[in-house]
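Below is one structure, written out as structure tokens, with a few remarks after it.
FYI, it's all coordinate maths here, none of it is from the lab. Because the structure is a prediction, the values reported are computed rather than measured. Reconstructed Cβ throughout: ideal geometry from the backbone, glycine too, with neighbour counts over all protein chains shown.
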């Protein structure tokens, strides 16, 4: 698999989060000789929040987490790559129970305090025996460091691990937030295959953490698309250990607002990294729609453009084909007036008032399309609504990767 052109040359290990310990293992779930299991253990009184796929065919792990999230507390997270444990019927449900029991026995905690996530092939049974074979080593290997290795353990078709950190000063004390994510295909998060796990040493109650996480996800993971397909497994979990001693009990307080801003910044960077690792991509694209009747309308039109195979293949071919943008605007089913449309590729306006811009330059537009990062902007001329969706191009390699996925 060709590495993403946006793959970083170095993955820095983020700072340790007090109250979090990490271990990884090779369980041979799909491919032997690669790290494919992650275990995180959290101190007592760690709160948890989560946002999940809205797919009507969710994985067994998603069902497990949703069923146990209401307690607001967590002591562990077990994640595997290589098998999504989705569309696996009663066997899948039995596997989640046994997996949680294995972690609970190993850490001497309650099974309902174990969060689970799985990613990989859909429809193949996931045997908890794979976890049983490495659980002793995982528990023995738990240590405070290891976020970068954790990000590697959850990769499937990703070409690089995705790790982000933020540190803010609250009440005179440093507070750290670390996050990892995986995802390269089947990416059109509608939260709520994409996973993200975040931890902080702030003390935040589960309801407040849930509110902050949902707002951050809406502005980040819910604003990206690689191929318009929403996974059965999309999961974002956030854990707050309280090890820093800093308490956040109100999103409207200055400290609460500062933390929420840092969390939103972290999730947006992770979302961009996921998009920049889209299967087979060569371009990272920001699609902005403004002048819509509402923000919601702008969001739907921006996603219509970003999801269009014809738009995405034109970008792959470095073709400034604004006609495909017009098509995507028109099919979105939202208010639009053809004769008010204006379209830009980068800072080059290519269309105005329902026709080609009178000053259009093919050379200038083509120069924009050759850049690795491209901004597409559409002004509908109807109102003040605005939104941005991030995507990538669609190449022959995407087809090759997904044509061979199970083999």
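Of note:
- Considering only beta bridges that DSSP places wholly inside the range 20-275, some 70 percent are antiparallel.
- FRET efficiency for the pair residue 339 and residue 293, taken as 1/(1 + (r/R0)^6) with r the Cβ-Cβ distance and R0 = 25 Å, rounds to 0.95.
- For peptides 305-318, 324-337, sequence by mean Cβ density within 10 Å, most packed first: 305-318, 324-337
- Sorted by Cβ neighbour density within 10 Å, fewest at the top, the residues 276, 91: 91, 276
- Take the Cα of residue 362, step 7 Å toward its Cβ, do the same at residue 26, and the gap between the two points is 5.5 nm.
- Between the range 143-182 and the range 333-364, the alpha-carbon centres lie 41 Å apart.
- Histogram of C-alpha separations across the range 20-275, 10 Å bin width, %: 8, 35, 39, 17, 2, 0
- Going from the residue with the fewest nearby Cβ atoms within 10 Å to the one with the most, 47, 118 rank 47, 118.
- For the chain, calculated [θ]222 nm from helices alone, where every DSSP H run of n ≥ 4 adds -39500 (n - 2.57): -9500 deg cm²/dmol
- Euclidean distance of C-alpha centroids, the range 11-86 and the range 238-279, integer Å: 18 Å
- Within the range 297-338: backbone nitrogen closer than 18 Å to the residue 402 label point (7 Å, Cα to C-beta): 303-317
- Highest to lowest packing among 2-14, 137-149, 61-73, scored as the average C-beta count within 10 Å: 61-73, 137-149, 2-14
- The Cα-based radius of gyration of the range 284-403, divided by its Kirkwood radius, gives an Rg/Rh of 0.97.
- For residue 98 and residue 140, the difference between the fully extended length at 0.36 nm per residue and the C-alpha to C-alpha distance is 13.2 nm.
- Net length gained if the chain between residue 11 and residue 34 were fully extended (0.36 nm per residue, minus Cα distance): 6.5 nm
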